[in-house]
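**Student:** Sending over a structure as structure tokens; questions will come in a sec.
The values are calculated or read from the model by the stated rules, or taken from the named source; none is laboratory data. Just so we're clear, the structure is a prediction, and the values are computed from it rather than from any experiment. Here the Cβ is made from the backbone with ideal geometry for all residues, glycine too, and neighbour counts use every protein chain on show.
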Amino acid sequence: MNMLRKGLSSLIVLIGFSAFSQFSLNSFHPELLPKDKWLDVRVKKSGPYIGYQRGLYNVGELGVERQWKRIKFKTAITHGVHIGFNYNFTNNVLGYETGYWIKPSRVGLTYGACANFFTDFTHNRIGVSPVIGYKLYGFHLQTGYHFLTPSGNFKEVNTFFISLRFIIVNDRDFDIQQKNPLFNRKKSKE
């Protein structure tokens, strides 16, 4: 009989907790538990980058990149755009590219795409290149494939490549919004 009482009282307590948990605490004390997150931290970074691309040909890269990072407690999502040029000194090939990449977690891979234009000053090729990579601090290692328009005599472009870039951050902007009233202390009136 004692076991039955303990089981029944435990069941009543669990039903009570379950019923009470259906109510939002925000309706009782909205100033203490807002639905919004406590902190919203965003970082913007920009600066020039230098890089080296290796495929069938060695190519030097220069450009500028802008990154946006939204920092959350568990993850940090980073977006980046870049515009730059590259030059193959041995074959006299100039290339321009602009692109976008995203890093959806702190230690995950980056995924992106670039639009490309290459010229040997006689013939031109344009195309796109999907890229996948890994970013750590200022270094960004990427590999990808250039899907280019056909050209008869102009072959001195890396189709399959790997590149390593280093961004020199010279502009950094933090945007911190404190959304919880516990962070905003009211000044007493004197």
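**Student:** Quick one: would you say LEU62 is in contact with a Pro (Cβ under 9 Å, 6 or more places away or on another chain) and exposed (fewer than 15 other Cβ atoms within 10 Å of the Cβ)? Write out each step before concluding.
**Tutor:** Values: in contact with a Pro (Cβ under 9 Å, 6 or more places away or on another chain): yes; exposed (fewer than 15 other Cβ atoms within 10 Å of the Cβ): yes.
Here the answer is yes, as LEU62 does meet what is asked.
**Student:** Here is a further query. Quick check on this structure: which one of VAL81, VAL107, VAL59 is under 20 Å from PHE166 (Cβ atoms) and not in a strand (DSSP E or B)?
**Tutor:** Answer to the selection: VAL107.
**Student:** Which ones in segment 57-88 are among the small types (Gly, Ala, Ser), at pLDDT 95 or above and either under 18 Å from TYR145 (Cα atoms) or under 15 Å from the mean Cα position of the chain (by Cα) (or both)? It would help to see each step written out before you state the result.
**Tutor:** Pass one, segment 57-88, residues among the small types (Gly, Ala, Ser): 60, 63, 76, 80, 84.
Filter again for at pLDDT 95 or above, leaving 60, 63, 80, 84.
If the condition is that a residue be among the small types (Gly, Ala, Ser), at pLDDT 95 or above and either under 18 Å from TYR145 (Cα atoms) or under 15 Å from the mean Cα position of the chain (by Cα) (or both), then GLY60, GLY80, GLY84 are the ones that fit.
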